[in-house]
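Presented below is the structure to which this report refers.
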Amino acid sequence: MKRPARRPARPKRRAAAPSVPAEIEAASRSGPTFRRFAPVEVSLSLNGRTVSARVDPSRTLLDFLRCDCGLTGTKEGCGKGECGACTVLMDGKPVNACLVMAVQAEGAEIVTIEGLADRWCEHRGADAGRLHPIQRGFIEGGGTQCGICTPGFLLAAVALLERTPDPTEAEIAKAFEGNLCRCTGYRKIFESVRRAVEIAKAVR
Amino acid sequence: MGEVGRSVPRIDAEGKVTGRTAYVDDLDFAGSLHGAVARSPRPHVRLPDVPRRIALEVPGVVAVLTAADIPGRNRVPVVFDDAPALAAEGDACRFAGEGFALVAATSRKAALAAAHRLEEWLRTHGKALPALLDPRAAMGPDAARVNPNLAVAEAEALGRRNVLSYHRVRKGDVEAGFRDSDVVVEGEYRTSWQEHAYIEPQGMIAVPDADGGVTVHGSMQCPFYIQKALHSVLGQPMARCRVVQAATGGGFGGKEDAPSFPAVHAALLARATLRPVRLVLSREDDIVSMTKRHPGIIRIRYGAKRDGTLVACAVDYVLNAGAWSTLSPVVLWRGTMHATGPYRIPHVKVDAFAVATHTVPNGAYRGFGQPQVQFANESLVDELAERLGMDPMELRRKNALRLGDPTPTGHVLKESVGFSDVLYAAARESDWLRRKNAASPRVYDEPSRGPSGRIPRGERLYGIGCSALHYGVGLGAAGKRIDRAGAFLQVDADGSVQIAVGTTEMGQGHNTVLAQIAAEELGTATERVTVLPIDTSRVPDSGPTVASRSTVMSGGAVRDAARKVRAAIHEGIGRRWNLPAEALGVETGWVFAKTDPARRVSFEEAVLWAAEDRAHLAAQGFFLAPDSTWDAKTGLGDAYYVYSWSANVAEVAVDVRTGEVEVLRFVSVHDIGRAVNPQQAEGQIQGGVVQGIGYALYEDLVAKDGVFERPNFSGFIIPTALDVPPITPIIVEHPYAAGPFGAKGLGEPPLIGAAPAIANAIRDAVGVRLREIPMTPERVLRAIEERRAAAAPAPRPAGTAA
């Protein structure tokens, strides 16, 4: 264990040593409390580039993206797949990265918010603009307020639009059933998706 | 067209849609440790000396701290000074979730594991003490004292115990007023906790500096509150306690005072280890330990004449404050000021109590004491309308406050009262008269929006309901001591502009609106203005970002600074053109001579001229809130400097077999003085309405024995994309002279009126009056069945089971 840089301050009062339940006492005597798993090799396509790494099998895809790859655009809102803030595309489908283990991404094509603009340019050619139409749609349509849910919504929207380029409002709402927003009331998110559809059509 | 009044795209939108905007958990400081807080698993438990050893033994743990290690005071000051930063050994934890120890470790996993070990130790080793969970029990004559540090004397609190704050209003003579009334109606209403559910959990990173101080970065609404808390807990001069806001993923009041706790926790660990410490709460810890909307119990009574004229209103308003007072005194105050609604009433009596219980301290949430009491008063106004045989919209219109009328606290309204326009717009847009008066019952057979896709036949009934309210903008007389704001503005050599203020962006559009105001004042484009990160080292204490005050307060300070710099620029132009500065006008991108507009210079070139003159192109601005007054004994005064006015109409379909309520359409109208950015204002209205719909129908935080049962998003249901109706936001403008370009405030009103409008619509649909929210399907169904049973009781044959 690394020696702390500075010893914690001593308690001001001297008290009798507190009694500790026997089972905790025993566990602390038996050594390190974490079982270390052997790291596993994983190789995946991340925003169009091949990435290889050694990861702890207990590492989530979310932590792998944010902490190991430095891609902090994907957000953690709940850590248990209830809010959708961590939505990324896995082989074209929207998934909650907090519920996918990094090793499950072996051989998969992962797209995060950082890869959206490039993904659009791939589909449309290099001079299609710096932003994906869904990003421009959200800027013009007022679909983002605090912005923490925005990356998740954009990825879910892209998954929808790549399947259904001209969705109805009911289809849009359904595509977002796994994404929570607390700021906008969703109405301008729907408008932003429609704006994105218009922008995409104009680029053709 | 200028910048103000234009739906300029948000200036921070590109960062947010590209994922580049940095929230606290995206920041990285070299050598950081991870912090965690060990929290009480029980609502009231004695805290023995903490066995730090069991936490220190976890690999990676570097430090374990308790209250004994606090170098300054173990107090987080808010309004009063009763809340400890950590429960103290030898004393007790007073709510489930109260922190009692801090851990710093080299990994988040290790920090959480160590904290968990300490929590398990307390669960088995801490003596559980009797917990007072219900405010009515806590007010009772033999109730034990919950909060050892603060109490209103029983004699002052009308004989009630455990009162942390008490307010009253006494106008006229209510008893005489009720005797004088032709009709008197009364009811008791209840509301529950509401969790803010900002999608970004609370988090702070504290970075220790070389001379004993600290810089704290984090998710927050009120950097100056945190600065004050750091000063208290660390015992360091305020000048060494620097607070910088990171991009904040939603607040709604939940990040007003509550962040001071993770901030001081992270700072204590940072000072002890001399390393940066990151403390980001899990969703469960956040829901369990951070402030919520106060649960409320409201008893209210209206007296009126046969023709609908309101004569008297009496309100008894109880808020469940939780263990420590935090913001309860001011939440209670706003509720007290608005308790009887936006109406002319000669006789008013309000008694309001914030009561301590062994539950999480409650605090600010959009509406701040109004949503609870307005659920009650706006529901009762409808009950009164029914008793009188009057249309509820007409009853409101008849008693609506106008220019020149006194409010319930005796404040004679002198300007900016758009209430009748608001009521009219709501009625017209919702087609009120026709829909309200359509023959009953109205079967609604359109398919529901939900995923089942089931087509109902004759199972759903349609209803329409309304509500109205006023909203005192700003901190009001109760907060006037801190109601000031500062700004800094600098024009750079290329004509681009930097501004700094003390209030914060949390999604409401604050930065964009202030950039528009600066641009309009200077005569440049909004896109040329950059808003600097909010930092206590840049501007003086500007108060909190609350009470829908930032447009007025920071807008006023920005205008003040901009005017000074504009004067410096115009002085140089005036000299070159041989004109006084007053003869110059501005529009976006240009300065021109008012009497000869063709004579003009671009803003950028004017800045070059000013640079040639070595003009000072930077300035500080300051803005003091216009005055307000209030007498604590009578509760009367000019409580706020201006009011916003709102009216809502909700249309619902109620499924009589399941109790499910679907909101079909919602019209929400607000007089906000001037919409600086109409698109952002609409977004605020829609977002507030949806939070209000959640409060009314879905959001149910259930506690058992003082512990929240499911502190996560599957336990606390907030509206999803499938739940939201079309929402028609309408902005009415009755300008407020002292507001920037006429603007008042908008952040909170859209949430406040949703629940009573929906309750009134449910009554219209199925004839049941729900007096408790959330109006879950179980409660609606029970009410429908009770009404059915009461309407046609079948005599039971002898011997049949009940």
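Does B:G303 satisfy the criteria of being within 14 Å of chain A (Cβ to nearest Cβ) and either more than 27 Å from B:E119 (Cα to Cα) or touching a helix residue (DSSP H, G or I) at 6+ places or on another chain (Cβ under 6 Å) (or both)? Spelling it out, it is not the case that B:G303 is within 14 Å of chain A (Cβ to nearest Cβ) and either more than 27 Å from B:E119 (Cα to Cα) or touching a helix residue (DSSP H, G or I) at 6+ places or on another chain (Cβ under 6 Å) (or both). Taken as a whole, region A:62-76 holds no residue that is assigned to a loop (DSSP other than H, G, I, E, B), more than 13 Å from the chain's Cα centre (by Cα), at pLDDT 95 or above and more than 29 Å from B:A55 (Cα to Cα). Taking B:S554, is it of a type in the set (S, T, Y), part of a helix (DSSP H, G or I) and within 12 Å of B:G486 (Cα to Cα)? Yes: the conditions hold for B:S554.
When the residues of region A:77-95 are filtered to those that are more than 7 Å from chain B (Cβ to nearest Cβ) and closer than 11 Å to A:L62 by Cβ, the one that is nearest to the chain's Cα centre (by Cα) is A:C86. Only one of the numbered conditions (1) open to solvent by 10 Å² or more (accessible area, probe 1.4 Å); (2) within 14 Å of chain A (Cβ to nearest Cβ) is not met by B:A96, and that is (2). For region B:477-493, the criterion of being among the small types (G, A, S), open to solvent by 10 Å² or more (accessible area, probe 1.4 Å), at pLDDT below 95 and not in a helix (DSSP H, G or I) is met by no residue. Where helices (runs of 4 or more DSSP H) fall entirely within region A:128-175, those with at least 1 residues that are closer than 16 Å to A:A117 by Cβ and of a type outside the set (D, E) are at A:133-141, A:150-163. Could you please let me know if B:A783 is without any contact (Cβ under 8 Å) to a residue 12 or more places away in the chain, farther than 30 Å from B:G2 by Cβ and more than 14 Å from every other protein chain (Cβ to nearest Cβ)? Spelling it out, it is not the case that B:A783 is without any contact (Cβ under 8 Å) to a residue 12 or more places away in the chain, farther than 30 Å from B:G2 by Cβ and more than 14 Å from every other protein chain (Cβ to nearest Cβ). In this structure, is B:I287 among the hydrophobic types (A, V, I, L, M, F, W, C) and within 14 Å of chain A (Cβ to nearest Cβ)? For B:I287, the condition - among the hydrophobic types (A, V, I, L, M, F, W, C) and within 14 Å of chain A (Cβ to nearest Cβ) - is met. Per the listing B:R170, B:R136, the residue uniquely assigned to a strand (DSSP E or B) and either open to solvent by 30 Å² or more (accessible area, probe 1.4 Å) or more than 14 Å from chain A (Cβ to nearest Cβ) (or both) is B:R170.
Annotation note: Cβ proximity below 6 Å between a residue of region B:579-605 that is more than 17 Å from B:A519 (Cβ to Cβ) and a residue that is open to solvent by 80 Å² or more (accessible area, probe 1.4 Å) and of a type outside the set (A, V, I, L, M, F, W, C) (sequence gap 6+ or interchain) occurs for B:A581/B:E571; B:A583/B:K594; B:A593/B:R599. Candidates B:T526, B:T503: the one that is more than 23 Å from the chain's Cα centre (by Cα) and open to solvent by less than 10 Å² (accessible area, probe 1.4 Å) is B:T526.
Return yes when B:V64 is closer than 25 Å to B:V702 by Cα, hydrophobic (A, V, I, L, M, F, W, C) and not in a loop (DSSP other than H, G, I, E, B) and no when it is not. Against the criterion (closer than 25 Å to B:V702 by Cα, hydrophobic (A, V, I, L, M, F, W, C) and not in a loop (DSSP other than H, G, I, E, B)), B:V64 does not qualify.
Would it be correct to say that B:D257 is closer than 30 Å to B:R301 by Cβ and in contact (Cβ under 8 Å) with a residue 24 or more places away in the chain? Taking the combined requirement at face value, the residue does not satisfy it. Answer with yes or no whether B:A647 is closer than 30 Å to B:G465 by Cα, part of a loop (DSSP other than H, G, I, E, B) and in contact with a strand residue (DSSP E or B) (Cβ under 7 Å, 6 or more places away or on another chain). No; evaluated as a whole, the condition is false for this residue. For A:G115, the conditions (1) in a loop (DSSP other than H, G, I, E, B); (2) within 12 Å of chain B (Cβ to nearest Cβ); (3) in contact (Cβ under 8 Å) with a residue 40 or more places away in the chain are fulfilled apart from (1). Hey, does region B:606-613 have a residue that's open to solvent by 10 Å² or more (accessible area, probe 1.4 Å), within 14 Å of another protein chain (Cβ to nearest Cβ) and not hydroxyl-bearing (S, T, Y)? Checked against the condition, which is being open to solvent by 10 Å² or more (accessible area, probe 1.4 Å), within 14 Å of another protein chain (Cβ to nearest Cβ) and not hydroxyl-bearing (S, T, Y), region B:606-613 yields no hits at all.
I'd like to check something: does region B:149-157 contain any residue that is buried (at least 24 other Cβ atoms within 10 Å of the Cβ) and either under 24 Å from B:L86 (Cα atoms) or not polar (S, T, N, Q) (or both)? Taking every residue of region B:149-157 in turn, none turns out to be buried (at least 24 other Cβ atoms within 10 Å of the Cβ) and either under 24 Å from B:L86 (Cα atoms) or not polar (S, T, N, Q) (or both). Can you say whether B:E660 is in contact (Cβ under 8 Å) with a residue 24 or more places away in the chain, within 14 Å of chain A (Cβ to nearest Cβ) and either out of contact with any Cys (no Cβ under 8 Å at 6 or more places or on another chain) or closer than 24 Å to B:A485 by Cβ (or both), as far as the supplied structure shows? Here the answer is no, as B:E660 does not meet what is asked. Kindly indicate whether any position in region A:151-171 is open to solvent by 10 Å² or more (accessible area, probe 1.4 Å), small (G, A, S) and within 13 Å of chain B (Cβ to nearest Cβ). Yes, that holds for at least one residue. Filtering region B:80-124 to residues that are closer than 14 Å to B:R52 by Cα and of a type outside the set (A, V, I, L, M) leaves B:E89, B:F100, B:H116, B:R117, B:E119, B:E120, B:W121. Within region B:18-28, being in a loop (DSSP other than H, G, I, E, B) and surrounded by fewer than 20 Cβ atoms within 10 Å (Cβ to Cβ) holds for B:R20, B:A22, B:L27, B:D28. Within the option set B:G2, B:G15, B:G31, B:G35, being of a type outside the set (F, W, Y), within 11 Å of chain A (Cβ to nearest Cβ) and either within 30 Å of B:A128 (Cβ to Cβ) or open to solvent by less than 40 Å² (accessible area, probe 1.4 Å) (or both) holds for one residue only, B:G15. Looking across region A:96-110 at every residue that is part of a strand (DSSP E or B) and touching a Gly at 6+ places or on another chain (Cβ under 8 Å), the one that is nearest to the other protein chains (Cβ to nearest Cβ) is identified as A:N96.
The values are calculated or read from the model by the stated rules, or taken from the named source; none is laboratory data. Quick caveat: nothing in here was measured; it's all calculated off a predicted structure. All Cβ positions, glycine included, derive from the backbone under ideal geometry; neighbour counts span all protein chains shown. Heavy atoms of the whole protein, side chains included, go into the accessibility calculation; ligands, DNA and RNA do not. Shrake-Rupley method; radii C 1.70, N 1.55, O 1.52, S 1.80 Å.
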